[in-house]
Amino acid sequence: MDKTAPGIDAVEAHFQELLKKVIEVGASDIHIKTGIPPVVRVRDELRLLSRQLQPLTSEQIRTICKAVVPERLKGEFHAGREI
């Protein structure tokens with residue numbers, strides 16, 4: 001991740017916590033979208049990851065995606081498509 005942007009460390013820490021929770025609940029997928037709390041797929045059922053989690057902002061999602069989305073899919077992401 002680009003360490004020069006403000007708040008990157010906080011976003012990284014938040015995403016790491018999300019991933020830990022994903023593992024704890026045995027989820028196969030995590031769905032993140034601006035304005036709603038993270039949703040996970042557990043045994044083919046979608047559910048909130050945690051009622052205590054706040055929705056991610058669009059800036060947080062962009063920061064996460066810069067770090068984890070493969071180059072070949074970044075065009076799709078920037079075009080507003082689901083990836």
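The values are calculated or read from the model by the stated rules, or taken from the named source; none is laboratory data. Quick caveat: nothing in here was measured; it's all calculated off a predicted structure. With ideal geometry, Cβ positions are generated from the backbone for all residues, glycine too; neighbour counts draw on all protein chains shown. The area values use the complete protein model at the heavy-atom level, side chains included, leaving out ligands, DNA and RNA. Shrake-Rupley method; radii C 1.70, N 1.55, O 1.52, S 1.80 Å.
Per DSSP H run of at least 4 residues, take -39500 (n - 2.57); add these up for the chain, divide by its residues and hand me the 222 nm value, nearest 500 deg cm²/dmol.
Values: 3 runs with 37 residues, N = 83.
Helix-only estimate at 222 nm: -14000 deg cm²/dmol.
Given labels modelled 7 Å from the Cα in the Cβ direction, how far is it in nm from LEU73 to ARG47?
That separation, rounded to one decimal, is 2.5 nm.
Which residues among the range 61-83 fall inside the zone where the amide N is under 13 Å from a point 7 Å beyond the Cα of THR34, along Cα→Cβ?
Answer for the range 61-83: 61-63, 78-81.
Within the set of other residues whose C-beta is less than 14 Å from the C-beta of LEU19, count the net charge using Lys and Arg as +1 and Asp and Glu as -1. Numbers along the way, then the final one.
Details: positive: LYS20, LYS21; negative: GLU12, GLU17, GLU24, ASP29.
Overall, the nearby charge balance is -2.
Which of ILE36, ILE23, ILE64 moves most in a GNM of the chain, Cα contacts under 10 Å?
ILE23
For the chain, what does the accessible surface come to per residue with a 1.4 Å probe? Please give it in Å². Each step should come with its number before you reach the end.
Working: 6010 Å² over 83 residues.
With all protein chains present, the chain gives 72 Å² per residue.
Can you give the Rg to Rh ratio of the chain, both from alpha-carbon atoms, with Rh computed by the Kirkwood formula?
Details: Rg = 12.9 Å, Rh = 13.5 Å.
Ratio value, two decimals: 0.96.
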